[in-house]
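Here the structure is laid out as structure tokens; the discussion comes afterwards.
The values are calculated or read from the model by the stated rules, or taken from the named source; none is laboratory data. Bear in mind the structure is a predicted one, so any value in this text is a computation, not a measurement. Reconstructed Cβ throughout: ideal geometry from the backbone, glycine too, with neighbour counts over all protein chains shown. For the accessible areas, the whole protein counts, side chains as well, though only heavy atoms, and no ligand, DNA or RNA atoms are used. Shrake-Rupley method; radii C 1.70, N 1.55, O 1.52, S 1.80 Å.
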Amino acid sequence: MRAGDDLSAVLHKLRIVAAELTGFSPDAIVTDALRRALRTHLTSWTPDDIDRAAARRDEALIRVLQQAVSVGETYFFRHPEQFEHLVDVALPALARDRDGVNRAWRVWSAGCATGEEAYTLAACFAAARGRHLPGDAQIHVLGSDLLERNIRTAQGGVYGRWSVRGSGPELFPLWTQEGTNRVRVQDHVRPLVTFSQHNLLEPSPFEGGQADVIFCRNVLVYFSPEAAQNVVSHLVNALAPGGIIAFGPMDLQTMPPGLVRAGPAELQLYRRVHHRESVPAAPATGRALPSKPPRVAKPIRPRRESPVAAPAPAPKPGIEPVAVHLKVLGLVDAGEDADALRLLEKLCAAAPDYVAGLTEHALILSRNGDIGRAAQRMREVLRLTSTLPDEAVLPGPEPLPAAFYVSSAEAFLERMEGSSR
Ligand SMILES: C[S@@+](CC[C@H](N)C(=O)[O-])C[C@H]1O[C@@H](n2cnc3c(N)ncnc32)[C@H](O)[C@@H]1O
């Protein structure tokens, strides 16, 4: 057992090293995740050990910290309006730009988590073949992520039902149902995609401007401004002149130099300017994009029914539940329960199917004596998880199986009934 001062020095040191390794802003790193890493993997490490291990880039330390802080929330056709725009508007323009030259299309899903985004891009390009692209167009999609274990999952091409959600309708054929709880990426999509481990703080695999399309979504939202800027400059360097890049709704703080908007502001799609174009001046400071609150995306009719019943309703566009949840945990860590509660209220209203947020809300409400509302939240958790298999991994600051939330909610409600008897 460590003394209190010793423990907080180790946690402090771990937070700094984890931020350096990943680009995360230190306040987006959850203390509990570091505590768990200390309890299970780094049991006897002192601040000096951590310093020395970080200086020699100790692989065990790097792996443990990257896994501890990473947030892997993703699903197929996430933010579908971006994929619609890509296929219907951006790809025809890119194809026109090529002037009939039929060379391979290079696409990068940067920070792809378990690969759903990379396969979605491949499905979009496959669907565009013969329509906007030549029928024999070659397509190479690279999915990259910080975590080796994500890459292994991605390479498997088999997913649980949490990868298929109502808010991500299957715009183009991508998966085949396997049994009740699994989907498999279809054979026409799989060979278009390769995966590799890559840290976005490093120069990109496409340095020199070779990528036609890059999606780097919901990654920078956790980053410090300096690290985000560094990553964006690697991404822009990787993009071919005229190429398209997509970010998530909360990723950008300022308009990246060298890019212009490629669609309505709320889509967060940009194009790298050609050498011959002049670049509009970027706003000096502050949150540049979007200039107005994101519009609610127009409903998109799936081209084919989703075979897996997905939990509903969807989070409102613009909300990244795990990022907001991390902010809540920061407030709780700082002892600011009232602010944490306020933010959680907003989170639960905006993302009513985000089970980790509902559970968190219930726990803080209960700690603050509002047992009735806490119980209501826990019942919502049971309702949302009732159709999921126990092992379905749900997003949260730490991805956890549905069974964890079910047993927490049941235990809470049983305790409550016991105490009211
Ligand atoms: C929330 S997921 C986003 C997945 C996908 N892009 C999407 O929008 O659905 C963020 C991913 O970024 C990865 N990530 C975080 N820091 C990274 C870094 N420095 N380099 C590469 N990937 C990183 C995490 O491992 C995680 O899988």
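Considering region 108-133 alone, what residues qualify as being part of a helix (DSSP H, G or I) and over 19 Å from residue 216 (Cβ atoms)? Even if it seems obvious, please write down each step before you answer.
Within region 108-133, the subset part of a helix (DSSP H, G or I) is 116-128.
Listed by number, the residues that qualify are 126, 127, 128.
Quick grid of which residues meet (1) out of contact with any helix residue (DSSP H, G or I) (no Cβ under 9 Å at 6 or more places or on another chain); (2) in a helix (DSSP H, G or I); (3) within 24 Å of residue 323 (Cβ to Cβ):
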| site | (1), (2), (3) |
| --- | --- |
| 376 | no, yes, no |
| 379 | no, yes, no |
| 383 | yes, yes, no |
| 389 | no, no, no |
| 407 | yes, yes, no |
| 412 | no, yes, no |
| 416 | no, yes, no |
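Within region 108-130, the only residue that satisfies the criterion of being out of contact with any His (no Cβ under 7 Å at 6 or more places or on another chain), more than 14 Å from the ligand (Cβ to nearest atom), in contact (Cβ under 8 Å) with a residue 40 or more places away in the chain and open to solvent by 10 Å² or more (accessible area, probe 1.4 Å) is 127. Scanning region 181-207 for residues that are over 29 Å from residue 18 (Cα atoms) and either under 19 Å from the mean Cα position of the chain (by Cα) or not charged (D, E, K, R) (or both) returns 181, 183, 185, 186, 188, 189, 191, 192, 193. A single member of 65, 34, 61 is within 15 Å of the ligand (Cβ to nearest atom), assigned to a helix (DSSP H, G or I) and either buried (at least 18 other Cβ atoms within 10 Å of the Cβ) or of a type in the set (Phe, Trp, Tyr) (or both), and it is 65. If you go through region 134-153 and pick out every residue that is over 16 Å from the mean Cα position of the chain (by Cα), in a loop (DSSP other than H, G, I, E, B) and hydrophobic (A, V, I, L, M, F, W, C), you end up with 1.
Residues that are in a helix (DSSP H, G or I) and either over 21 Å from residue 113 (Cα atoms) or open to solvent by less than 20 Å² (accessible area, probe 1.4 Å) (or both) within region 208-224 comprise 220, 222, listed in sequence order. Summed over region 82-103, residues that are modelled with pLDDT of 95 or more and either in contact with a helix residue (DSSP H, G or I) (Cβ under 7 Å, 6 or more places away or on another chain) or part of a loop (DSSP other than H, G, I, E, B) (or both) total 6.
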